Amino acid sequence: MDPLLTKIENISFMAALVAYLVTAAAYFFHAVAKKEWVRKAAYGLMCLAFVLQTVCIAVRGIHAGRLPLTNQYEFANAFAWGVALCFLIFVRKYKFDMLGTFIAPVIFLIIGYASMQSREIHELMPALQSSWLGFHVSMAIIGYGAFGVAFGVALAFLIKDTFPGSLSGIPDNETLDRIIYRAVALGFLFLTLCMVTGAIWAKKAWGTYWNWDPKETWSLITWLIYAIFLHLRLRKGMTGRKAAIFAVAGFLCVIFTYVGVNTLIAGLHSYK
């Protein structure tokens, strides 16, 4: 263990954690006080937090000598990073940084979960010593990140639809609905790639493409929820409130697939 790298990782991680918390508070304050400078400061803080977290993940990878994506702490940290990355991409595309009001708390909760996990660096178990690790897990990170954005936009839609006039700086319902659809479509693509690469990896590691492991089963359930969403959207024209509810339900399933399954159900994917 290199003490200097450990120190840099810990400092950057805690700084990112605090920055995400302050970001969430700043966005909430703006929603209440309607101060433009607070909104700009909140967005700047989100960017700063993302940079700090990127430094943390990069240093962790250098320190471990591998991709830092193999245990609860590493994946939760990368999960939060993926949500932040997708947030910044969608904000740049749609000029909708008030989305941070709903996304920043989600990122903080995920990285807060990471902070409660062990940060020790261990040698990889044989099943994880594969070049497929990077492909499989990175697909999950981007997919989950996109679903997190769809969740945040869906919350904005539902609040705006239920309490008209309660939110300012929020696009019209049609734009929100379009963002939800595109975020879900992006997430679905990467989740599909995640499952395909995972199946190939499983064949090499365990001799079979599918084991009905709890994580695999719940990943399939999550995939089916979003597949139904896209089917209803494209074939039945589902939009608006129903689409938003689907997006919320799908992300709750994502959270259970990661946190719930790892915590409550032992399986092949139960890596600490």
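If R₀ is 25 angstrom, what is the calculated FRET efficiency for the pair ALA25 and ALA249, using the beta carbon separation as r and rounding to 0.05?
0.35
Across the chain, where is the longest run that never hits GluC sites (Glu not before Pro) in a DSSP loop with at most 14 other C-beta atoms within 10 Å?
Of all site-free stretches, the longest is 124-272.
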* Asked: Name the chymotrypsin sites (Phe, Trp or Tyr not before Pro) in region 176-249 that are in a loop by DSSP and that have at most 10 other C-beta atoms within 10 Å, would you?
  -> TRP212
* **Span per principal axis, largest first, for the Cα atoms of the chain (Å)** => 55, 49, 30
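Past 29 Å, Cα to Cα, is the threshold; run LYS204/LYS236; LYS93/LYS215; LYS95/LYS160; LYS7/LYS40; LYS40/LYS242; LYS160/LYS236 against it and keep the listed order.
LYS204/LYS236; LYS93/LYS215; LYS7/LYS40; LYS40/LYS242, as the Cα separations exceed 29 Å there.
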* **Listed peptides 75-84, 235-244, 20-29 by packing density, highest first (mean Cβ within 10 Å)** => 75-84, 20-29, 235-244
* **Additional length obtainable on full extension of the chain from VAL259 to CYS47, 0.36 nm per residue less Cα span** => 73.7 nm
* Using a Förster distance of 30 Å, the FRET efficiency for TRP37-GLN117 (Cβ separation, nearest 0.05) -> 0.25
* Asked: Can you give the FRET efficiency for ILE200 and LEU224, using 1/(1 + (r/R0)^6), R0 = 22 Å, r = Cβ-Cβ distance, to the nearest 0.05?
  -> 0.60
* **Charge dipole (debye, nearest 20) of region 124-272; +1 at Cβ of Lys and Arg, -1 at Cβ of Asp and Glu** => 200 debye
* Gain on full stretching of the segment that runs from PHE163 to LEU67 - 0.36 nm per residue minus C-alpha separation -> 30.1 nm
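Note down the magnitude of the dipole of the chain about its Cα centre, charges +1 on Lys and Arg C-beta and -1 on Asp and Glu C-beta and zero elsewhere, to the nearest 20 debye.
Using only the charged Cβ atoms, the result is roughly 620 debye.
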* Pop a pseudo-label 7 angstrom from the Cα along the beta-carbon direction at both THR175 and THR192 and give the gap in nm to one decimal. => 2.9 nm
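We did not get these values from a lab; they are worked out from the coordinates using the rules stated. Here the structure is a predicted model, which means the values were calculated and not measured. Counting neighbours? That spans all protein chains shown, and the Cβs are built from the backbone with ideal geometry, glycine included.
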